[in-house]
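Worksheet: the structure to be examined is printed underneath.
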Amino acid sequence: MTPFDTDLFVIGAGSGGVRAARIAAGYGAKVKIAEEFRVGGTCVIRGCVPKKLYVYASRFADEFAEAAGYGWEIPEKPVFHWRSLVEAKEKEITRLSGIYRANLEKAGVELIEKRAVVEDCHTVRLHDGRKLRAKHILIATGASPVMEPHVPGIEHAISSNQIFDLKHFPHRLLIVGGGYIAVEFASIFARLGSAVSLCFRSDNVLRGFDQDMRKGVSEALTHAGVAVSPGTLPTRIARHAGGHLEVTLSDGRHVIADQVLIATGRKPHTANLGLERAGVELDASGAVKVDAVSQSNIPSIHAVGDVTNRINLTPVAIREGHAYADTVFGGKKIAVDHHNVPSAVFTTPELGTVGLTEEQARRTHDVVDIYKTSFRPMRATLSGAQEKTIMKIVVDGETDKVLGVHILGHDAGEMAQVLGIAVKMGATKADFDATMALHPTASEELVTMRTRTERHERLRAAE
C-alpha cells in the first residue's frame, strides 16, 4: 500500500471543517483542508453573518420611525444606499475569512484552494488531477440552496447565495418559501424599502416551529407590509423587456418583480463528490448517514455539519467538528448531544426558541401545561410602535420540568441562548418561579408567569 500523505484530509473549509482541522492538528495530526470557494463556509460568506448584518441595517428603519416618540427630531427622511451596505458587508466577511485562514495557518493546517472529491476510502482527487492518500477523510461540505418548484423560467430566479450581492436594489421582490430563510429576507427587505411578496406551499410560515410563534411571525410580516400568500406557489416566471419579471402564481394572480428569490430550503452538498463510488451511504436527501460520533459506514470517512442533515446550525457543526477531532485524534469518544439546541429566526421581531414546541410535547408527554403571555414591550409605549412580545413556556405537567421556551420579541435570540442553559440542565417551572425578576425588562416575564393558561392531557389506553 502507498503510505499516507496526510493523517486527515478535510473537504470543506466552513465552520465545522475548520474546527475539526485545527483541533486535529493540535493533537499532532498532519492535516490538509480543501476549499473550492472562500474560506469560512456558508455561515461566514453567504449565511448567518451577512444575514445578521442586513438584519441590523433593516432595523434602523424602525428606529428612525420611532425616535420621535423619545424626543428625537429627524429633519429629513433617511435615505438608504444599497451599494454601501453590500460593500460594508463584503469588507467584514473578507476580514472574517482572513481570520479563518490565519487560524488554520497558526494550527499548522495546509489549505488547498481547489475542489476535492473522494476517489476511495483513503484517496482524494484534487481539481488539478493530483491524488492524495489520507488515513482519515472528513466531509464538511455543508448544504446548498434548493431551487424548487422547478417551473418554466426558474433560471431567472436567484437563491439566497446571490441575494446579498445584487448590483441593484430590488424595489419589488417576490420570495418563494415559508422557512426561516424566506421570512428573514422578507422582514429585511420590507424594512429596507422593497415591496415584498411572500408565497409558500403551507398554510402558515415556519413549519415545525410552535404554532403561536408561527402566527406571531406571520402577523409581524403583514404589519411590516409583506404581502403574505399561503398555499400559493409560482407556476411560471417570465422576463420582459426592461428586465422586470412577471410571475404567474398557482391562484391565477400575476406578480411583477425585479427579483424572485427562491428560498424553499437547502440540501446536503454531496452531488458529484465521489462518495457513492467510495461506498459511503447517503440518505434520500443526499445527506451522509453517520453514527453518534459522525462516522459513516466507511470507518475512515466521517462527516460533520449540514452535510449530515442533523441540525443545520453553525454552532452544531462546530461542536461536531470538535468532537470528531477529540474522538479520532484525541483518544476521547465524544458524541454530540443534539437535544435542546437553542435557535433563532432573525425576523423583526425575532424568534428565539429552545426545547419542545407545544405540539411536540403533547405528542410525547401525558400531561402538558402551558404558560403564555402577550404584551406590548416597554420600548413601544412612547414610540407608538404596534409590536408585541409573545412568550410561552411548555412544562411537563407530571414532573414540572420545563420542556421548551419560545419567545417572539426584541432580543429573543439572546434570551434563548441563556434559557438554553436552564433547559439543558433540566430546570423545573418551580426553578423559574423561584428566580428573582430583573425589572424593568421583557425577560422578567419568564419568571413571573405563575398562572397556567392551558393544560392538555392525553387519553391513556385502558389497562
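The values are calculated or read from the model by the stated rules, or taken from the named source; none is laboratory data. On a predicted model such as this, the values are computed, not experimentally measured, just so you know. Here the Cβ positions follow ideal geometry from the backbone for every residue, glycine too, while neighbour counts run over all protein chains shown.
Conditions tested, residue by residue: (1) touching a residue at least 24 places away in the same chain (Cβ under 8 Å); (2) of a type in the set (S, T, N, Q); (3) assigned by TED's automatic domain parsing to the domain that holds residue 20; (4) surrounded by fewer than 16 Cβ atoms within 10 Å (Cβ to Cβ).
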{"position": "101", "(1), (2), (3), (4)": "yes, no, yes, no"}
{"position": "104", "(1), (2), (3), (4)": "yes, no, yes, no"}
{"position": "113", "(1), (2), (3), (4)": "yes, no, yes, yes"}
{"position": "118", "(1), (2), (3), (4)": "yes, no, yes, no"}
{"position": "125", "(1), (2), (3), (4)": "yes, no, yes, no"}
{"position": "128", "(1), (2), (3), (4)": "no, no, yes, yes"}
{"position": "131", "(1), (2), (3), (4)": "no, no, yes, yes"}
{"position": "136", "(1), (2), (3), (4)": "yes, no, yes, no"}
{"position": "139", "(1), (2), (3), (4)": "yes, no, yes, no"}
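May I ask you to verify whether residue 395 is in the same structural domain as residue 357 (by TED's automatic domain parsing), assigned to a helix (DSSP H, G or I), of a type in the set (A, V, I, L, M) and over 24 Å from residue 63 (Cα atoms)? Before the answer, list the steps.
Values: in the same structural domain as residue 357 (by TED's automatic domain parsing): yes; assigned to a helix (DSSP H, G or I): no; of a type in the set (A, V, I, L, M): yes; over 24 Å from residue 63 (Cα atoms): yes.
Judged against the criteria, residue 395 is not a match.
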Of all residues in the stretch 297-314, which are touching a residue at least 40 places away in the same chain (Cβ under 8 Å) and within 18 Å of residue 337 (Cα to Cα)?
-> 302, 303, 304, 305, 306, 307, 308, 309, 312, 314
Residues in the stretch 411-425: is at least one touching a residue at least 40 places away in the same chain (Cβ under 8 Å), assigned to a helix (DSSP H, G or I) and closer than 13 Å to residue 216 by Cβ?
-> yes
For the stretch 256-279, enumerate the residues that are over 30 Å from residue 141 (Cα atoms) and surrounded by 20 or more Cβ atoms within 10 Å (Cβ to Cβ).
-> 257
Give the residue that is nearest to the chain's Cα centre (by Cα), with candidates limited to residues of the stretch 243-292 that are among the charged types (D, E, K, R), assigned to a strand (DSSP E or B) and closer than 25 Å to residue 35 by Cβ.
-> 266
Looking at the stretch 228-241, is at least one residue in a loop (DSSP other than H, G, I, E, B), in contact with a Gly (Cβ under 9 Å, 6 or more places away or on another chain) and more than 30 Å from residue 36 (Cβ to Cβ)?
-> no
Taking residue 385, is it within 30 Å of residue 70 (Cβ to Cβ), assigned to a loop (DSSP other than H, G, I, E, B) and among the hydrophobic types (A, V, I, L, M, F, W, C)?
-> yes
Any idea which of 56, 100, 70 is closer than 23 Å to residue 348 by Cβ and within 21 Å of the chain's Cα centre (by Cα)?
-> 56
Can you pull out the residues in the stretch 286-306 that are surrounded by fewer than 24 Cβ atoms within 10 Å (Cβ to Cβ), in contact with a strand residue (DSSP E or B) (Cβ under 6 Å, 6 or more places away or on another chain) and either closer than 21 Å to residue 43 by Cα or of a type in the set (D, E, K, R) (or both)?
-> 286, 287
Would you list the strands (runs of 3 or more DSSP E) that sit entirely within the stretch 99-180 and hold 1 or more residues that are closer than 25 Å to residue 328 by Cα?
-> 110-112, 116-120, 123-126, 131-139, 143-145
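Would you please name the residue that is surrounded by the most Cβ atoms within 10 Å (Cβ to Cβ), looking only at residues in the stretch 177-235 that are β-branched (Val, Ile, Thr) and out of contact with any helix residue (DSSP H, G or I) (no Cβ under 7 Å at 6 or more places or on another chain)? Write out each step before concluding.
Applying the first criterion (β-branched (Val, Ile, Thr)) to the stretch 177-235 yields 181, 183, 188, 196, 205, 217, 222, 226, 228, 232, 235.
Those left that are additionally out of contact with any helix residue (DSSP H, G or I) (no Cβ under 7 Å at 6 or more places or on another chain): 181, 222, 232, 235.
Working: 181: 23, 222: 12, 232: 19, 235: 15.
The residue in question is 181.
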Considering only residues that are touching a strand residue (DSSP E or B) at 6+ places or on another chain (Cβ under 9 Å) and surrounded by fewer than 18 Cβ atoms within 10 Å (Cβ to Cβ), look in the stretch 381-400 and name the one that is nearest to residue 420 (Cα to Cα).
-> 400
Single condition residue 354 does not satisfy, out of (1) surrounded by 19 or more Cβ atoms within 10 Å (Cβ to Cβ); (2) touching a Lys or Arg at 6+ places or on another chain (Cβ under 6 Å) = (2)
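Being among the hydroxyl-bearing types (Ser, Thr, Tyr) and in a helix (DSSP H, G or I) is the filter; apply it to the stretch 195-227 and report the residue that is farthest from residue 392 (Cα to Cα).
At the first step, the residues of the stretch 195-227 found to be among the hydroxyl-bearing types (Ser, Thr, Tyr) are 197, 202, 218, 222.
Next, only the ones that are in a helix (DSSP H, G or I) stay: 218, 222.
Working: 218: 17, 222: 22 Å.
So, considering only residues that are among the hydroxyl-bearing types (Ser, Thr, Tyr) and in a helix (DSSP H, G or I), the one farthest from residue 392 (Cα to Cα) is 222.
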Check whether at least one residue in the stretch 76-99 is hydrophobic (A, V, I, L, M, F, W, C) and touching a strand residue (DSSP E or B) at 6+ places or on another chain (Cβ under 9 Å), and report yes or no.
-> no
The stretch 1-25 residues that are on the phi > 0 side of the Ramachandran plot and buried (at least 24 other Cβ atoms within 10 Å of the Cβ), paired with ones that are at pLDDT below 95 and not in a loop (DSSP other than H, G, I, E, B) (beta carbon under 9 Å, 6 or more apart) = 12/41
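Here is a list: 367, 345, 328. Which entry is out of contact with any Lys or Arg (no Cβ under 8 Å at 6 or more places or on another chain), at pLDDT 95 or above and more than 24 Å from residue 8 (Cβ to Cβ)? Give the steps one after another, and end with the answer.
Details: 367 fails: out of contact with any Lys or Arg (no Cβ under 8 Å at 6 or more places or on another chain); 328 fails: more than 24 Å from residue 8 (Cβ to Cβ).
It is 345.
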Kindly check whether there is at least one residue in the stretch 44-65 that is touching a strand residue (DSSP E or B) at 6+ places or on another chain (Cβ under 9 Å) and either of a type in the set (Phe, Trp, Tyr) or within 23 Å of residue 137 (Cα to Cα) (or both).
-> no
